[in-house]
1. Report ³J(HN,Hα) in whole Hz for each residue of the range 52-57, in order, from the Karplus equation J = 6.51 cos²θ - 1.76 cosθ + 1.60 where θ = phi - 60°; Gly and Pro get x.
2. In nanometres, what is the gap between the two model label sites at Gln21 and Leu37, each 7 Å from Cα along Cα-to-Cβ?
3. In a shell of Cβ-Cβ distance under 11 Å around Leu32, excluding Leu32 itself, what net charge do Lys and Arg (+1) and Asp and Glu (-1) give?
4. Apply 1/(1 + (r/R0)^6) to the Cβ-Cβ distance of Glu14 and Ala59, taking R0 = 22 Å, and write down the FRET efficiency to the nearest 0.05.
5. Search the structure for amide H atoms under 5 Å from the amide H of Leu32, placed 1.01 Å from N in the peptide plane, and list their residues when 5 or more places away or on another chain.
6. If R₀ is 25 angstrom, what is the calculated FRET efficiency for the pair Arg29 and Trp6, using the beta carbon separation as r and rounding to 0.05?
7. Could you state how much accessible area Lys55 has, in square angstrom rounded to the nearest 10, with a 1.4 Å probe and all protein chains kept in place?
8. For the range 23-30, what does the Karplus curve 6.51 cos²θ - 1.76 cosθ + 1.60, with θ = phi - 60°, yield as ³J(HN,Hα) per residue in whole Hz, taken in order and with x for Gly and Pro?
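The values are calculated or read from the model by the stated rules, or taken from the named source; none is laboratory data. Values in this document were obtained by computation on a predicted structure and should not be read as measured data. Here the Cβ positions follow ideal geometry from the backbone for every residue, glycine too, while neighbour counts run over all protein chains shown. The accessibility values were calculated without ligands, DNA or RNA, using every heavy atom of the protein model including side chains. Shrake-Rupley method; radii C 1.70, N 1.55, O 1.52, S 1.80 Å.
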Amino acid sequence: MEDELWLTAREAAELTGVSLQTVYSWERRGHLKVEGLDHRGQKLFRHLSVARAEKSTRAKAKRVLGPAA
């Protein structure tokens with residue numbers, strides 16, 4: 001477990017190319033779980049959890065938007 005990559009919300013946003021508000025939205029909607037806090041009290045997320053949240057929400061967005069014209 002020590003070799004897992006942990007990300008702050010800002011790092012998760014930068015990594016996935018979304019806004020910080022989107023990351024907090026994923027958390028609020030239950031797509032992303034806070035797994036800990038860093039030394040400054042910032043929320044930490046597992047890298048794998050961030051990737052899953054991104055994949056899930058992007059897949060849903062594609063279904064809503066439909067195929068490109």
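1. 5, 4, 4, 4, 4, 6
2. 2.6 nm
3. Surrounding charge for Leu32 is +3.
4. On the way: r = 21 Å, r/R0 = 0.97.
E(calc), rounded to 0.05, equals 0.55.
5. Under 5 Å from the amide H of Leu32 lie the amide H atoms of Glu27, each far enough along the sequence or on another chain.
6. 0.75
7. About 150 Å², rounded to the nearest 10.
8. Computed from phi, the couplings for the range 23-30 are 4, 5, 5, 4, 5, 4, 7, x Hz.
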